[in-house]
């Protein structure tokens, strides 16, 4: 016999007689003291065309063994041949359409109807539309299925399991693997199912492996295997087993063998396979990935979105509401400042603009402070005004001396006789509450701006030029932006891009893991769908959905909220698409790392706030410590936010090298995520 490498061959054990052969199979989880053995040196042979009943209590290893047979799990040691090949290898036909698999979970999407579910799996199996409809009619009658146009979420648990069973029968597989197919079913229906399985076995030579809690109904199987604590206690025909142990029922036989196992750990397993095993080596062609799988996967994903219009609408509206809320709630000047005034010069509270002859300039100045944004509270003395600030009733106190006007005029004339007393009495005493960050700055700005207006008007009334009291600076016309910068316009580009990225990530991870937890993904994989194709289908679906997000947000920001746009709208769309792709790849990575939808969502949401900070959402990156700046520059958020601001406010185009640097940074992260996810998927981390 020629030497053939293991990667090019599949070992077949009497392929004409056995569909499944397992030898010395061991499966465990953990290591060291934490190691838990699931399967221990298990030997198993399933004759071709036989009904093989796998019996055992919960936790004995039945489901793990089945998952190894269909290629969803790997043995730690031992050999396994299914349909002539080792499951999961590149040359194997398993997973593939030769297997019909009914998992322990229902393994269907509850939003779909029976017909939609069966059409999806029928398309995966390569059946024509006509053939699928014929199978739906046949299986509806055989399994007494409810109305095929009723959503599965409206059906009972037993009805869902019948539909799950029907999916396994759709494509007439050569090997049928059923995990608890008759649980919760009517006795007459159970009998009907068993009759059909016997018919498949006899007429179509279909091999059936099933697990069941109804031990005695397994007497109809050709072979029963009794599994306990990962050890196969017996594997033989039911009547032969009962005769050998001199018992009347399989339940009694199971009890007898379990007692014997407890007494002697080296209990000899009675197997249906005796003598040496003739192993032949056969070279099979490498199984090809079916590109036709992509179309039904995309249809399923699109159908699922249409079945959830509330979720679809919610995912588009939330980013818009987030931007609108930020626009109206963040970055604007306070409109409710309160000043406590103690004026020792006059009791008047209603004065007009000053003239050169005014003798109550303190009242004239207060006239300028009476704006819609400021409320003046008058007090008789300084102590009461200060108390108002201490109690939080006012944001600042303003105190005028009795000699304010005379000393201010003397001060403005730059008199050489001005002494400390004059300087003190011409000074307005102000006390601010600095417990908050932004409000004291607005208090200072409001007082300073209005004082400059007041003193300028007073100078002009005396015949002097206003420029005499201005600082010796000339602020030329600004190049970019507004004369009074708006924090909201600074922050919104970072908010929009970060939100698009993380909403895309959550949508991607959630769609993958939700389907995975429902069992649909496992079922699709068993039928031969390539993992990469599953992810590509999710990627395309979520990207189309994200384009809707981007269009809605850009319309909201640019058209509705009138955000200035001095550059190309196409470049803004490009930046949004890049962040969307980044988010989809980040979500894909989280889906390969996290076991559940909730865990992935927590990880992504937990990353949102640090990303916003490092992206300059709240504060410029230049104000951060050097180490943090380096980290921010490596991550994509700060660069793409600055680029979007420059396009919006500066009108930058692709001639600016900073935009290329940003694009390269984001694409680099996308490639990193894709490489990591691809490796994880190929290693079956997902």
Step by step: find N for segment 430-530, compute 2.2 N^0.38 Å, then divide the Cα radius of gyration by it. What's the final number? 2.31
Could you tell me what percent of the DSSP beta bridges with both partners in the chain are antiparallel, to the nearest 5? 50
Run the numbers for residue 314 and residue 419: contour at 0.36 nm per residue of separation, minus the present Cα-Cα distance, in nm. 30.9 nm
When the helix-only estimate is applied to the chain (DSSP H runs of n ≥ 4, each -39,500 (n - 2.57), divided by the residue count), what is the mean residue ellipticity at 222 nm, nearest 500 deg cm²/dmol? -15500 deg cm²/dmol
Return a whole-number percent for the relative contact order of the chain, with Cα pairs under 8 Å and 6 or more residues apart as the contact set. 13
P(r) over all Cα-Cα pairs of segment 508-559, 5 Å bins from 0 to the longest distance, whole percent per bin, short to long, reads 5, 18, 22, 18, 12, 9, 8, 5, 3, 1
Percent antiparallel among DSSP beta bridges confined to segment 6-261, rounded to 5, stands at 55
If you build the convex hull over the alpha carbons only and average its shadow over all orientations, what do you get for segment 566-686? Give it in nm² to one decimal. 8.2
Would you list the P(r) distribution for segment 6-261, with all Cα-Cα distances sorted into 10 Å bins from 0 and each bin expressed as a whole %? 7, 30, 35, 22, 6, 0
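Could you sort the peptides 665-672, 540-547, 461-468 by per-residue average Cβ neighbour count (10 Å cutoff), highest mean leading?
Most protected by this proxy first, the peptides run 540-547, 665-672, 461-468.
Can you give the FRET efficiency to the nearest 0.05 for residue 220 and residue 602, using r as the Cβ-Cβ distance and R₀ = 45 Å?
Working: r = 48 Å, r/R0 = 1.07.
So, using R0 = 45 Å, E works out to roughly 0.40.
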Which distance in nm do the two modelled labels at residue 445 and residue 433 give, with both placed 7 Å along the Cα-to-Cβ direction? 2.0
Alpha-carbon Rg/Rh ratio, for the chain, with Rh computed the Kirkwood way: 1.23
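With all pairs of different alpha carbon atoms counted, what Kirkwood hydrodynamic radius in Å does segment 101-223 show? Let's see the in-between values first.
Numbers: mean 1/r = 0.0683 Å⁻¹.
Hydrodynamic radius (Kirkwood, Cα only) of segment 101-223 equals 14.6 Å.
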Fewest-first sequence of 315, 677 by Cβ atoms within 10 Å of each Cβ: 315, 677
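Given a Förster radius of 56 Å and the C-beta distance between residue 367 and residue 675 as r, what FRET efficiency does 1/(1 + (r/R0)^6) yield to the nearest 0.05? Please list the in-between numbers first.
Working: r = 69 Å, r/R0 = 1.22.
For R0 = 56 Å, the calculated efficiency reads 0.25.
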Between residue 198 and residue 487, with labels modelled 7 Å along Cα→Cβ, what's the label distance in nm to one decimal, could you check? 8.0
Under the 7 Å Cα-to-Cβ spin-label approximation, residue 36 and residue 559 lie apart by a distance in nanometres of 5.6
Order by neighbour count: 82, 399, 558, fewest other Cβ atoms within 10 Å first, most last. 558, 399, 82
Any idea what log10 I(q)/I(0) is at q = 0.16, 0.18, 0.19 Å⁻¹ for segment 337-468, Debye with uniform C-alpha scatterers and no solvent? -0.82, -1.02, -1.12
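Order of 351-358, 296-303 by packing, highest average Cβ count within 10 Å first?
Values: 351-358: 14.2, 296-303: 19.0.
So the order, starting with the most tightly packed, is 296-303, 351-358.
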Rounded to the nearest 5, the percent of antiparallel DSSP beta bridges in segment 337-468 equals 25
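Neighbouring Cβ atoms within 10 Å as the yardstick, rank 20, 247, 341 fewest first. Present the calculation step by step, with values, prior to reporting the outcome.
Values: 20 23, 247 16, 341 20.
Going from sparsest to densest Cβ surroundings: 247, 341, 20.
Take peptides 180-192, 324-336, 588-600, 100-112 and line them up by average Cβ neighbours within 10 Å, highest first, as a rough protection proxy.
100-112, 588-600, 180-192, 324-336
Each value in this text was obtained by applying a stated rule to the coordinates, not by laboratory testing. These numbers come from a predicted model, not from an experiment. In this analysis, Cβ positions are derived from the backbone assuming ideal geometry, glycine residues included, and neighbour counts consider all displayed protein chains.
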